2 protein chains.
Amino acid sequence: MHYGYFNGTIAPTDQLAVGVTDLGLLRGYGLFDYFLTYNGRPFQWDWYWERFQNSATRMHLPLPIGKSETYAILMTLLERSIAAGAPADMAFRFVMTGGYAPDSISVERANLLILTEEIHPVPQIHYDQGVKVILDEYVREMAEVKSTDYKRVILMAQAIKSAGASDLLYQKGGEISELSRSNFFIVKGDRLITPNRNILHGITRRTIIQLAQNDFKVQERPLMLSELYDAEEAFTTSSTKKVLPITQIGELTVGEGHVGPKSKFLLERFNELVKNW
Amino acid sequence: MHYGYFNGTIAPTDQLAVGVTDLGLLRGYGLFDYFLTYNGRPFQWDWYWERFQNSATRMHLPLPIGKSETYAILMTLLERSIAAGAPADMAFRFVMTGGYAPDSISVERANLLILTEEIHPVPQIHYDQGVKVILDEYVREMAEVKSTDYKRVILMAQAIKSAGASDLLYQKGGEISELSRSNFFIVKGDRLITPNRNILHGITRRTIIQLAQNDFKVQERPLMLSELYDAEEAFTTSSTKKVLPITQIGELTVGEGHVGPKSKFLLERFNELVKNW
């Protein structure tokens, strides 16, 4: 069983509920964040907290609690969830909304929810064979803010499934930004290229860029669709996906169509890092 | 006290709550609708139901209940709310989300919420003096669908207030679409002009177009910012605003800067219609 926190109360997640005048529910006014623990410790906590704070500022929602208080809540949730039978490593999800609005539009005080969740790891076969994504002409509104706006990918669920794909790769006017919930990289020789505009700045992306410094020339810059044609490898990064190879983008086969050595190398570096976290 | 309905249960609104894996809350995947009763009867019910159904279809969410069952629920909510002391006329708010998702992304079955709410009428002084709006370069994603995505106007709340304005008028590339939660019209001579693209097709807009047929040439067409300069009158329409005159758009004074006779005329026609609804 997993425990969660809502506005000061800690309880089993299935006992938590949000009142119906919440602006996240009524008006889509909410932001979130999501990260894992390794060895019982929140991974890259400082970076996640910084990002969450930044999203909150950009959405004009003052955080109701500070960093150390939040960390203490994480530890309590971890402890209680494990005591109730949850596996030692889990995911944390923060959701902060515009709070309850009697007039259904004005922000008074944010609602803050912190959930622990089971990790849903990507099946090994996807790391072995790579995944397919399909292109979608779209750019996320306020892409830099981890708002709760994920309408697009849910709306496109059937199209993704029909194409035998696992996700969308967003592009607009030929410029690639990101996948629906993860970042995008290509490899060309010793260059690692990743878009820097209209993206959510992923913490795993940042971790990979750091891990790659010694072995690659990392370029954070606008990336055009046309550059996919001579990419040797492509992969996507996120908390749960880590470094997940992409071998097919719509009709285009990436490189040789199988998982390349550089994606594997970076996944290994990442796995080493988290093993000793 | 007001009553609401949630997935088959009827209870006082403040006793209703939504579980924390709801996709409206976690992912902004939700749609809604909102309408008033006059003389205890839902205003333009057939049109609202049609629109709600259309929004649901476009968001790939099958409606869990049909029209007559829904209408029976409305009647029960109305009755119970009035018995509990609510005024005879009230507002209904429908909110339908992607439902509970254990994996936080996949739709299984929609959650449907129907709330009754107190009506918040626009103060008379705004009808007497008109209101100010400010321009905002923005276009709603999936504007035709009444999704719960109202981030923009909440984000801009401080800017609206600082300008002494009451709302945003959206334009993109010089083309006007709508206000944040209502439609836009201008009057030039006997022409009534209202944008027809990138808008939510308001039921009050539709009602006004119908009421105006005999006295105006109604043009539903793209409307450019440049056309505001010789507009004689401007107004906005919505369930709660009815026909609300706009006398100031950013730095621009509309017409003579006071409420014009044609806006007044249309508001009177509207008030007559609802009086006998």
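The values are calculated or read from the model by the stated rules, or taken from the named source; none is laboratory data. Computed from a prediction, not measured in an experiment: that's the story for all the values here. Don't worry about glycine lacking a Cβ; one is built from the backbone with ideal geometry, like all the others, and counts go over all protein chains shown. Protein only, heavy atoms only, side chains kept; ligands, DNA and RNA dropped before computing areas. Shrake-Rupley method; radii C 1.70, N 1.55, O 1.52, S 1.80 Å.
For the protein assembly as shown, with only Lys/Arg (+1) and Asp/Glu (-1) charged at the beta-carbon, what is the dipole magnitude about the Cα centre, in debye rounded to 20? Numbers along the way, then the final one.
Working: 58 positive and 64 negative charges, 4 e Å.
Once rounded to the nearest 20, the dipole reads 20 debye.
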**Study point:** From phi via Karplus (6.51, -1.76, 1.60), per-residue ³J(HN,Hα) for the stretch B:218-233 in Hz, x at Gly/Pro
**Key:** 8, 10, 9, 6, x, 10, 9, 3, 4, 6, 6, 5, 10, 6, 7, 9
Review point. Aspartates and glutamates near B:LYS262 by alpha-carbon distance under 17 Å, same-chain residues fewer than 8 away left out - which ones?
Key: B:ASP128, B:ASP190, B:ASP215, B:ASP230, B:GLU232, B:GLU233, B:GLU272
Check your understanding: What list of ³J(HN,Hα) values in whole Hz, one per residue of the stretch B:76-86 in order, does the Karplus curve 6.51 cos²θ - 1.76 cosθ + 1.60 (θ = phi - 60°) give from phi, with Gly and Pro shown as x?
Key -> 5, 4, 4, 4, 5, 5, 5, 4, 8, x, 6
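Which order do the peptides B:29-39, A:167-177, B:7-17, A:46-56 take when ranked by the mean count of other beta-carbon atoms within 10 Å per residue, highest first? Spell out each step's value before the answer.
Details: B:29-39: 21.7, A:167-177: 19.3, B:7-17: 13.9, A:46-56: 17.4.
Ranked by mean Cβ neighbours within 10 Å, highest first: B:29-39, A:167-177, A:46-56, B:7-17.
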Review point. Across the stretch B:177-183, in residue order, what do the Karplus-derived ³J(HN,Hα) couplings come to in whole Hz, using 6.51 cos²θ - 1.76 cosθ + 1.60 with θ = phi - 60° and x for Gly and Pro?
Key: 10, 7, 8, 4, 9, 7, 8
**Study point:** Shortest-first distances to equivalent copies, position A:ARG58, nm, label 7 Å out along Cβ
**Key:** 2.6
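Please list B:258-264, B:116-122, B:94-100 highest first by mean number of surrounding beta-carbon atoms within 10 Å per residue. Could you put the intermediate results ahead of the total?
On the way: B:258-264: 18.3, B:116-122: 15.1, B:94-100: 24.3.
Output ranking for B:258-264, B:116-122, B:94-100: B:94-100, B:258-264, B:116-122.
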Check your understanding: Taking every residue in A:145-157, how many Cβ atoms of other protein chains lie within 10 Å of its Cβ, on average?
Key -> 6
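How well do other chains shield peptide A:13-20, expressed as the mean number of their Cβ atoms within 10 Å of each residue Cβ? Could the numbers behind the result be given before it?
Details: counts 3, 3, 2, 4, 6, 7, 6, 12.
Average neighbour count from other chains, rounded to a whole number: 5.
Provide the gained length on full extension for the span B:GLU227 to B:TRP47, in nm with one decimal, where the gain is 0.36 nm per separating residue minus the Cα-Cα distance. Please report the intermediate quantities before stating the final value.
Values: separation 180, 0.36 × 180 = 64.80 nm, distance 3.05 nm.
Taking 0.36 nm per residue and subtracting the Cα distance, the gain is 61.8 nm.
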**Study point:** Centroid-to-centroid separation of the stretch A:236-251 and the stretch A:170-206 [C-alpha atoms, Å]
**Key:** 11 Å
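For chain A, rounded, prolate or oblate, judged on the Cα gyration tensor with a ≥ b ≥ c (square roots of eigenvalues), a/c < 1.5 rounded, else prolate if a/b > b/c? Intermediate values should be presented prior to the final figure.
Values: a/c = 1.95, a/b = 1.49, b/c = 1.31.
Cα axes put chain A in the prolate bin.
Would you work out the relative contact order for the stretch A:197-277, in percent, from Cα pairs under 8 angstrom that are 6 or more residues apart?
Details: 77 pairs, mean separation 22.4, N = 81.
It rounds to 28 percent for the stretch A:197-277.
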Revision key, fill the gap. Expected integer from the mean partner chain Cβ neighbour count at 10 Å over B:26-35 is 6
Review point. In nm, what does the list of distances from B:ALA157 to its counterparts in the other copies look like, shortest first, when each label sits 7 Å along Cα to Cβ?
Key: 3.1
**Study point:** Label zone at B:HIS60, where the point sits 7 Å out along the Cα-to-Cβ direction: the stretch A:120-161 residues whose backbone N lies under 18 Å
**Key:** A:132-140, A:149-161
Check your understanding: For B:LYS161, which lysines qualify as cross-link partners when the Cα separation must be under 20 Å and same-chain residues fewer than eight apart are set aside?
Key -> B:LYS132, B:LYS151, B:LYS241
Review point. Charges only on Cβ, +1 for Lys and Arg, -1 for Asp and Glu: so what's the dipole of the stretch A:3-117 about the Cα centre, in debye to the nearest 20?
Key: 140 debye
Practice item. Return the distance in nm (one decimal) between the two label points of a simple spin-label model at B:ASP103 and B:TRP277, each offset 7 Å from Cα along Cα→Cβ. Key: 4.3 nm
Check your understanding: With charges set only on the Cβ (+1 for Lys and Arg, -1 for Asp and Glu), what does the dipole of chain B come to about its Cα centre, in debye to the nearest 20?
Key -> 220 debye
Review point. Cα convex hull of the stretch B:190-277: how many Å³ per residue?
Key: 102 Å³
Exercise for review: With a probe of 1.4 Å, find how much accessible area the stretch B:93-225 has per residue, and write the answer as a whole number in Å².
Suggested key: 39 Å²
**Study point:** Using a 7 Å Cα-to-Cβ projection, B:ASP190 label spacings across copies, nm, ascending
**Key:** 7.9
Exercise for review: Quick one: which residues, 5 or more positions from B:GLU178 or on another chain, have an amide H under 5 Å from its amide H? H modelled 1.01 Å from N in the peptide plane, none for Pro or chain starts.
Suggested key: B:TYR170
Revision key, fill the gap. Between B:HIS201 and A:ILE10, Cβ-based FRET efficiency (R0 30 Å, step 0.05) works out to 0.10
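For the stretch B:65-122, calculate the relative contact order in percent as a whole number, restricting contacts to Cα pairs under 8 Å that are 6 or more residues apart. Before the final figure, lay out each step's value.
Values: 58 pairs, mean separation 18.4, N = 58.
Value for the stretch B:65-122: 32 percent.
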Point to revise | Listed residues A:LEU113, A:LEU61, A:ILE10: farthest to the positive end of the dipole of the stretch A:3-117 (Cβ charges) | key: A:LEU61
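Under 8 Å for C-alpha pairs, at least 6 residues apart: give me the relative contact order for the stretch A:124-275, rounded to a whole percent. The partial results should precede the final answer.
On the way: 290 pairs, mean separation 39.9, N = 152.
Here the relative contact order equals 26 percent.
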Revision key, fill the gap. Among the stretch A:10-35, those whose backbone N falls under 20 Å of a label point 7 Å along Cα→Cβ from A:MET1 are A:10-18
Check your understanding: Gap in Å between the Cα centre of the stretch A:81-111 and the Cα centre of the stretch A:39-63?
Key -> 13 Å
